[in-house]
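Here is the structure we will look at.
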Amino acid sequence: MNVTHLECAACGTQYAAQRLHNLCVECGKPLLVRYDLEKAARTLTKESLRTRAADLWRYREVLPVESDENIVSLGEGWTPLLRAERLGAGLGMNSLFIKDESQNPTQSFKARGMTAAVSMAKELGVRKLAVPSAGNAAGALSAYAARAGLEAHIFMPRDTPRANIIECEKTGAHVTLMDGLITDCGAEVGRRKEAEGWFDVSTLKEPYRVEGKKTLGYELAEQLDWTLPDAIIYPTGGGTGLIGMWKAFDEMQAMGWIGAKRPRMISVQSTGCAPIVRAFEEGKRFADEFPNAATTASGLRVPKAIGDFLILDAIRASGGTAVSVTDEELIHATGEIGAAEGLFVAPEGAACLPALRKLLAENFINASDQVVLFNTGAGVKYLESYTE
Ligand SMILES: Cc1ncc(COP(=O)(O)O)c(C=O)c1O
Ligand SMILES: [Zn+2]
């Protein structure tokens with residue numbers, strides 16, 4: 001076990017490892033896990049990875065669980081990084097990739113966060129977990145909680161894709177549908193958690209989902225033979241994957257695996273809910289709540305993200321940007337990606353393509369750049385988006 005402590009991402013206050021934590025009690029911002037990376041690097045070597053399991057627990061030394069028996073796994077991570085030759089050729093690019101996260105358990109990248117969060121909850125003796133969700137996080141929490149024999153209490157907007165609702169019910173969760181947005185669901189969890197004895201696993205309001213998600217960054221480097229691409233295009237709601245990758249890059253540099261070069265981190269949102277894009281354009285460090293948030297890409301319907309400053313810091317430090325695309329553009333892009341590459345992608349993942357097109361047109365990205373698009377989920381879970 002290499003965790004030394006937890007640390008507030010905003011004010012730096014330190015917290016003990018192996019205790020239950022939500023937000024920083026000093027300033028209300030997210031906590032991040034810190035490791036003794038020198039110690040981790042003694043056994044976690046590039047060489048050692050050659051023979052490790054094809055899941056995200058291959059990076060065991062930089063993951064927070066102390067005892068192996070507490071790991072709750074469904075085979076998550078180590079998803080393919082697919083070269084998108086045909087799609088790239090249509091854009092004049094020859095080094096375009098798609099990280100296909102739809103191949104995770106419960107068909108989205110949310111499995112990465114939940115395997116870590118539920119394993120830690122189990123290790124720390126939690127029995128009841130609660131989460132507000134746009135859909136995929138709920139499905140993943142339900143599955144991992146069931147696997148661990150824990151209770152899952154799910155709060156989702158009533159108009160969440162049907163597949164997400166049904167998968168939660170079929171994996172034994174207690175499901176509450178609410179009139180409102182994910183922020184309203186989060187407020188409901190906040191109001192009831194104490195009386196009900198629930199542990200709140202809202203993204204970044206507990207410190208371990210981001211640890212699971214950071215493995216996206218480790219995998220990317222390993223799959224590109226310990227280099228990083230020129231740009232990463234990431235569909236951003238709460239931003240946990242982007243924040244996690246950014247953290248992973250620093251950890252890998254500290255372990256001597258990569259140098260100081262970073263990809264340009266590019267956030268994509270829907271024009272119907274683009275708080276990060278707006279804050280980026282206005283030069284703000286924190287994003288105001290986006291009014292009347294609406295998009296068919298349900299995972300992007302996050303009007304206010306607790307990790308907003310971490311997303312914006314990473315985008316700016318990397319020389320990246322934030323782009324919004326219309327729902328029409330992203331729905332159209334699912335057909336283009338599907339026909340070119342054989343992937344039925346989630347609308348969130350599809351949003352990366354029109355964003356890439358805009359950035360190529362503006363010469364922000366060059367056709368010769370190596371670019372990775374993140375397909376964060378499976379199109380098959382969004383039949384309403386494609387048929388209505
Ligand atoms: C398929 C999909 N893509 C992207 C997102 C946004 O992810 P993040 O909250 O890490 O920004 C979500 C979140 O629900 C999602 O389900
Ligand atoms: Zn703090």
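The values are calculated or read from the model by the stated rules, or taken from the named source; none is laboratory data. Bear in mind that the values here come from a model prediction, so they are computed numbers and not experimental data. Positions of Cβ are backbone-derived with ideal geometry, glycine not excepted, and every protein chain shown enters the neighbour counts.
The criterion of at least 2 residues that are free of Cβ contacts under 8 Å to residues at least 60 places away in the same chain is met by the following helices (runs of 4 or more DSSP H) wholly inside region 164-233: 182-196, 215-223.
The test for being in a helix (DSSP H, G or I), in contact with an Asp or Glu (Cβ under 6 Å, 6 or more places away or on another chain) and buried (at least 22 other Cβ atoms within 10 Å of the Cβ) holds for residue 299. Within region 58-90, how many residues are more than 20 Å from residue 5 (Cα to Cα), surrounded by fewer than 22 Cβ atoms within 10 Å (Cβ to Cβ) and within 18 Å of the chain's Cα centre (by Cα)? Residues meeting the conditions: 6.
Restrict the check to region 183-205 and report whether at least one residue is charged (D, E, K, R) and either in contact with a Ser or Thr (Cβ under 6 Å, 6 or more places away or on another chain) or closer than 20 Å to residue 275 by Cα (or both).
Initially, region 183-205 is screened for residues charged (D, E, K, R), giving 184, 188, 191-194, 196, 200, 205.
From what's left, either in contact with a Ser or Thr (Cβ under 6 Å, 6 or more places away or on another chain) or closer than 20 Å to residue 275 by Cα (or both): 184, 205.
The answer is yes, given that some residue of region 183-205 is charged (D, E, K, R) and either in contact with a Ser or Thr (Cβ under 6 Å, 6 or more places away or on another chain) or closer than 20 Å to residue 275 by Cα (or both).
Residues that are part of a strand (DSSP E or B) and surrounded by 24 or more Cβ atoms within 10 Å (Cβ to Cβ) within region 119-134 comprise 129, 130, 131, 132, listed in sequence order. Which of the residues belonging to region 161-182 are at pLDDT below 95 and either among the polar types (S, T, N, Q) or over 22 Å from the mean Cα position of the chain (by Cα) (or both)? Matches in region 161-182: 180 only.
Out of 278, 285, which single residue is within 20 Å of residue 210 (Cβ to Cβ), of a type outside the set (Val, Ile, Thr) and either within 16 Å of ligand 2 (Cβ to nearest atom) or part of a helix (DSSP H, G or I) (or both)? Steps first, answer last, please.
Working: 278 fails: within 20 Å of residue 210 (Cβ to Cβ).
Testing whether each residue is within 20 Å of residue 210 (Cβ to Cβ), of a type outside the set (Val, Ile, Thr) and either within 16 Å of ligand 2 (Cβ to nearest atom) or part of a helix (DSSP H, G or I) (or both) leaves just 285.
Tallying residues that are crowded, with 24+ Cβ neighbours inside 10 Å, away from ligand 1 (no atom under 11 Å from the Cβ) and among the small types (Gly, Ala, Ser) within region 135-163 yields 4.
Can you tell me which residues in region 4-37 are among the hydroxyl-bearing types (Ser, Thr, Tyr) and either in contact with a Pro (Cβ under 8 Å, 6 or more places away or on another chain) or away from ligand 2 (no atom under 16 Å from the Cβ) (or both)? Give the derivation first.
From region 4-37, those among the hydroxyl-bearing types (Ser, Thr, Tyr) are 4, 13, 15, 35; that's our starting set.
Scanning region 4-37 gives 4, 35.
Among the numbered conditions (1) aromatic (Phe, Trp, Tyr); (2) in a helix (DSSP H, G or I); (3) more than 16 Å from ligand 2 (Cβ to nearest atom); (4) at pLDDT 95 or above, the only one that residue 309 does not meet is (3). Checked against the criteria, residue 333 counts as over 23 Å from residue 227 (Cβ atoms), touching a Cys at 6+ places or on another chain (Cβ under 9 Å) and modelled with pLDDT of 95 or more. For region 48-81, the set of residues classified as among the aliphatic types (A, V, I, L, M) and closer than 15 Å to residue 109 by Cβ consists of 56, 74, 81, listed by residue number. Residue 40 meets each of the listed conditions (1) among the hydrophobic types (A, V, I, L, M, F, W, C); (2) surrounded by 15 or more Cβ atoms within 10 Å (Cβ to Cβ); (3) within 16 Å of ligand 2 (Cβ to nearest atom) apart from (3).
Here residue 329 qualifies as touching a residue at least 12 places away in the same chain (Cβ under 8 Å), of a type outside the set (A, V, I, L, M) and out of contact with any Asp or Glu (no Cβ under 9 Å at 6 or more places or on another chain). Name the residues in region 312-342 that are surrounded by fewer than 22 Cβ atoms within 10 Å (Cβ to Cβ) and part of a loop (DSSP other than H, G, I, E, B), would you? Within region 312-342, 318, 319, 326, 342 qualify.
Does residue 223 fit the bill of being within 27 Å of residue 296 (Cα to Cα) and modelled with pLDDT of 95 or more? So residue 223 does not fit the description; no.
None of 355, 287 is in contact (Cβ under 8 Å) with a residue 60 or more places away in the chain and buried (at least 17 other Cβ atoms within 10 Å of the Cβ) except 355.
Each residue in region 179-211 was checked for being more than 14 Å from residue 155 (Cα to Cα) and either among the aromatic types (Phe, Trp, Tyr) or buried (at least 16 other Cβ atoms within 10 Å of the Cβ) (or both), and 8 pass.
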